[in-house]
Each structure stands twice: as C-alpha cells, then as structure tokens.
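Since the structure comes first, as structure tokens, the remarks are kept for the end.
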Amino acid sequence: MQKAAAERNNEVLAAQLAPVGRETVQDRVYSELRRALIGGLFEPSQVLTIRGLADALVTSTMPVREALGRLITEKALEALPNRSVRVPPITLDRIDDLLRARVLIEGEAISLAASRMGPRQIATIEALLREWDEIRALKHKKDVDREVTLNQSFHFEIYRACGSAVLIPMIESLWLQSGPCIRVAIYAFSEAGEVDTAHYHRSIVAALAAQDAQAAREALVADISRPFAFLRDKLQSRARTE
C-alpha cells in the first residue's frame, strides 16, 4: 500500500517538475550561445542551423532548439523560413536603434554608479585597463577574444554598481544584440590602425574616481558611440560605391 502510494506521488511530481538534467543542459546551451553572441563569435547575417549548433556543442537538438527560441524572443537572432536562424544583419536603422537605446540605458546606469563606486571597484577596473595595456604591448597577433572579454568585464563591473536590478538585464539584452556589430568594428579598427580604445576607458575611470556623474555619462557615450559611428560610415561608403 505504502509502496503504491509512493509511486503515485512520484508520478504526480514527475508531471509537475521538469527533469533537472534536461533543464541544466538547456541552460548551459543558452548560456554558451549567449556568450558567443555577446562576444561576437557569430557574424552579422550568419545563418545558424539547429543540427550544426548541436554538433558543435555536442548535445541533442532539443536544448539547442529551446535556447534558440529564447534568443529569438530577445531579438538576438531571427527565425528563417527553413527552420534555421540567422544573426541579424547590420543596417543603418539597426545601428541607430541599438546606439540610441544603449546611450539612454547605459548612460543612466553609469550615472547612478558614479556615486556608488568605492575604492575596490575603481581598483578593479583600473586592473582591467592595465591588462589591456599588457595585451596591446604584445608583438604577436591581436587577441580580439581577450579584448572583447576585457571590454565586457570593464563595463559590467561599473554597471553592477548602479544599484538597479531592472537596468542590468536590459543592458545585457542590448549587449546580446550589439555583440556581432561590435566585433566587426573591432576588426575594422584594427585594420585602420586604431588601437587606443583604452583611452576612452581611462576617461570613464577618471570621471568615476571623481564621482562626476555627468562626466562619466559623457565619457561612456563617447566610448560606445565610436564603433557604431565607424560602422555607419562603412555602410554609407559601401552604399555610395554600389
């Protein structure tokens, strides 16, 4: 009797609770694809297939399909008619839209953080800048992956100090959508010989150390506007020659 009752209880629980293993795999797949998008691993307009991603991640198609659905909802990917997806292409409208949103939301976050960041947080972002300088001093090939990671760490160390639980997910969503564009800009800067991205970050650090919210906002806007302006110029130049 007790055994039968226990089995019935287990059946009820099984119907109410999702299997932990499957959920864990789905979350890991989502996190990895999210990290890849923020880091610009996928290029704008690149088409991705469920099978191809599942093979690359060494998993089944189900968690990939579910993760892609979440990313499509977040506007980080676009669904295509043939059941594949693609990274949204770079267009003038998309560049302007992303930049406008990032200036508004990230500008507010850094303004709030300016009065909240203590010596420990300032020391952390200064250490990130020192590592950036060390990478730039190396003579071998530019480490774009590390540069992207340092840039993300620098900005989010600041944003986490803003004290807003609402702004952080919004900023993460914007970075998710911006990642492929920023990666293209980094390569373009490298080809053009522009390497002093850390200069803009030093201006941000100086403003934060002085607890000057307006100067911090202005320095941030200059920093995040530059790659979008560069991409806009490239698109317009290409349009004129076509």
Open item on the list: Based on this model, can you work out whether Gln211 counts as in contact with a Ser or Thr (Cβ under 6 Å, 6 or more places away or on another chain) and at pLDDT 85 or above?
Closed with: yes
Task: Residues of the stretch 56-76 that turn out to be surrounded by 16 or more Cβ atoms within 10 Å (Cβ to Cβ), under 20 Å from the mean Cα position of the chain (by Cα) and free of Cβ contacts under 8 Å to residues at least 40 places away in the same chain, as a count - done: 3
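Could we say that Ala113 is open to solvent by 20 Å² or more (accessible area, probe 1.4 Å) and either of a type outside the set (Val, Ile, Thr) or under 26 Å from Arg28 (Cβ atoms) (or both) here? First the steps, then the outcome.
Working: open to solvent by 20 Å² or more (accessible area, probe 1.4 Å): no; either of a type outside the set (Val, Ile, Thr) or under 26 Å from Arg28 (Cβ atoms) (or both): yes.
Spelling it out, it is not the case that Ala113 is open to solvent by 20 Å² or more (accessible area, probe 1.4 Å) and either of a type outside the set (Val, Ile, Thr) or under 26 Å from Arg28 (Cβ atoms) (or both).
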Task: Yes/no for Glu43 being part of a loop (DSSP other than H, G, I, E, B), of a type in the set (Asp, Glu) and open to solvent by 70 Å² or more (accessible area, probe 1.4 Å) - done: yes
Open item on the list: Just checking, does the stretch 98-110 include any residue being within 23 Å of Arg70 (Cα to Cα), free of Cβ contacts under 8 Å to residues at least 12 places away in the same chain and out of contact with any helix residue (DSSP H, G or I) (no Cβ under 9 Å at 6 or more places or on another chain)?
Closed with: no
Task: Filter result (within 21 Å of Arg202 (Cα to Cα), in contact (Cβ under 8 Å) with a residue 24 or more places away in the chain, open to solvent by less than 50 Å² (accessible area, probe 1.4 Å) and not small (Gly, Ala, Ser)) within the stretch 146-170 - done: Glu147, Val148, Asn151, Phe154, His155, Glu157, Ile158, Tyr159, Cys162
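The values are calculated or read from the model by the stated rules, or taken from the named source; none is laboratory data. Just so it is clear, the structure is predicted and the values come from calculations on it, not from any experiment. Glycine also receives a Cβ, built like all others from the backbone with ideal geometry; neighbour counts cover every protein chain displayed. These area figures cover heavy atoms from the full protein model, side chains too; ligands, DNA and RNA do not enter into them. Shrake-Rupley method; radii C 1.70, N 1.55, O 1.52, S 1.80 Å.
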